[in-house]
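Presented below is the structure to which this report refers.
The values are calculated or read from the model by the stated rules, or taken from the named source; none is laboratory data. As the structure is a computational prediction, the values presented were derived from the model and not from experiment. Note that each Cβ is placed from the backbone with ideal geometry, even for glycine, and that neighbours are counted across all protein chains shown. Accessible surface is based on the protein model in full, side chains and every heavy atom, while ligands, DNA and RNA are left aside. Shrake-Rupley method; radii C 1.70, N 1.55, O 1.52, S 1.80 Å.
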Amino acid sequence: MTAVLELDNLTKDYEIGFWRKRPQRALDALTLSVNKDEIFGFLGANGAGKTTTIKILMSLTAATVGGARILGRPIDDTEMHRHIGYLPERPYFYDYLTAREFLEYCGELFGFDAQTRRQRAKEKLAEVKLDERSWDKQLRRFSKGMLQRVGLAQALVNNPSIVFLDEPMSGLDPIGRREVRDLVASLPARGTTVFFCSHILSDVEMLCDRAAVMRSGKLAHLGTLDELRAQTGDGSMEITLAAAHGNTGVLVAHLQKANAQTSSTLVEQTPSGARVVVTDELAIDEILRQAREVGGRLLAVQKVGGGLEELFVKSERERQKHEDIAD
């Protein structure tokens with residue numbers, strides 16, 4: 001696979017204090033790579049080093065040690081900047097401009113001629129599904145969600161080879177989140193690699209091919225979503241069942257009797273039926289067969305634990321444990 005982003009021992013120290021300054025490490029020897037045409041998730045709690053990493057990659061601050069390459073070029077290569085897009089977490093725009101004017105201005109920064117600027121502005125504003133009636137309104141009249149759409153449009157105005165999105169769902173309502181998520185998911189097919197930084201773990205799970213979890217400036221976990229999920233949970237599956245005519249007691253009693261000799265099956269009563277936990281995925285069909293014998297029906301099947309949220313929480317607990325030991 002071709003790597004479009006390579007971080008090598010990336011380290012950043014800041015000086016803190018007033019009279020007696022001392023270094024504080026915000027990023028510690030971060031090494032990873034992002035492959036062409038993938039959506040890569042970059043996760044971590046506040047202070048984990050995510051924003052520092054992006055600022056270094058965008059040449060907004062310099063690394064203390066180490067380096068990075070984007071599209072095979074050093075990050076200080078200004079020619080390479082023509083081929084990347086960036087949406088910061090808290091974008092600020094010239095709010096006296098209209099959305100259309102702002103997109104055309106961004107196009108001018110990339111050297112597009114007037115006709116191309118006008119066409120790109122229309123294409124991208126439509127792509128992010130900003131209401132066309134708002135295209136010629138000043139940005140100061142926009143809501144947070146509308147501004148977020150404009151920010152995404154400007155990040156894509158040059159049809160970048162790689163785009164860096166820092167909390168792109170911020171301020172969006174459920175419909176807006178769905179539309180932006182669909183747009184982000186379509187980018188690799190158009191040749192755009194996505195570096196996706198977000199606190200909304202469900203979006204990461206739905207969108208990303210691989211992800212990195214940062215903890216206290218260090219890389220704590222890295223892998224495909226399946227590999228990360230495998231680091232938590234024991235492979236158990238939870239089956240949620242509804243009882244026929246509200247007879248939860250009949251359903252639970254039948255399942256408990258049928259599985260009395262099975263130590264790997266847990267049956268609990270719920271307000272509408274039963275919750276069954278099995279450690280063997282092959283047992284699901286048998287549980288469903290048993291439930292149907294007394295009119296039960298399936299509501300849901302899902303893994304117990306093993307999600308990014310659990311991995312994220314586990315990582316934070318480890319951080320707090322290490323900090324307590326250091327104290």
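Numbers for the structure displayed
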| read-out | value |
| --- | --- |
| Cubic angstrom per residue, convex hull over Cα atoms of the chain | 197 |
| 222 nm mean residue ellipticity, helices alone, for the chain (DSSP H n ≥ 4; -39,500 (n - 2.57); rounded to 500) | -10000 deg cm²/dmol |
| Per residue solvent-accessible surface (Å²) - region 2-84, probe of 1.4 Å | 52 |
| Rounded if a/c under 1.5, otherwise prolate or oblate - region 174-289, Cα gyration tensor axes | prolate |
| Hull-based mean projected area of region 1-148, where the convex hull spans the alpha carbons, in square nanometres | 11.6 |
| Using a Förster distance of 22 Å, the FRET efficiency for Gln115-Glu179 (Cβ separation, nearest 0.05) | 0.20 |
| The chain, accessible surface, carbon-and-sulfur percent (1.4 angstrom probe) | 48 |
| Convex hull volume per residue in cubic angstrom - Cα atoms of region 91-148 | 77 |
| Local electrostatic count at Gly171 - Lys and Arg +1, Asp and Glu -1, tallied over other residues with Cβ under 12 Å | +1 |
| For region 105-122, 3J(HN,Hα) per residue [Karplus equation, 6.51 cos²θ - 1.76 cosθ + 1.60, θ = phi - 60°, Hz, x = Gly/Pro] | 4, 4, x, 5, 4, 8, x, 6, 6, 4, 5, 5, 4, 5, 5, 5, 4, 5 |
| Antiparallel DSSP beta bridges within the chain, percent to nearest 5 | 70 |
| Scattering curve values for region 173-216, log₁₀ I(q)/I(0), Debye with Cα scatterers, q = 0.30 Å⁻¹ | -1.24 |
| Region 28-91: C-alpha gyration tensor shape, a/c 1.5 cut-off, then a/b vs b/c | rounded |
| For region 1-149: lysine pairs under 23 Å (alpha-carbon distance), excluding those fewer than 8 apart on one chain | 15 |
| Crossing angle, helix 248-258 versus the chain [Cα axis fit, 0-90 degrees, rounded to tens] | 80 |
| Helix axis angle, 284-293 relative to the chain longest principal axis, alpha carbon, degrees | 50 |
| Amide H contacts under 5 Å for Gly49, placed H, 5+ residues apart | Gly217 |
| Helix 174-186 vs. the chain, principal-axis angle (Cα, 0 to 90°, nearest 10) | 70 |
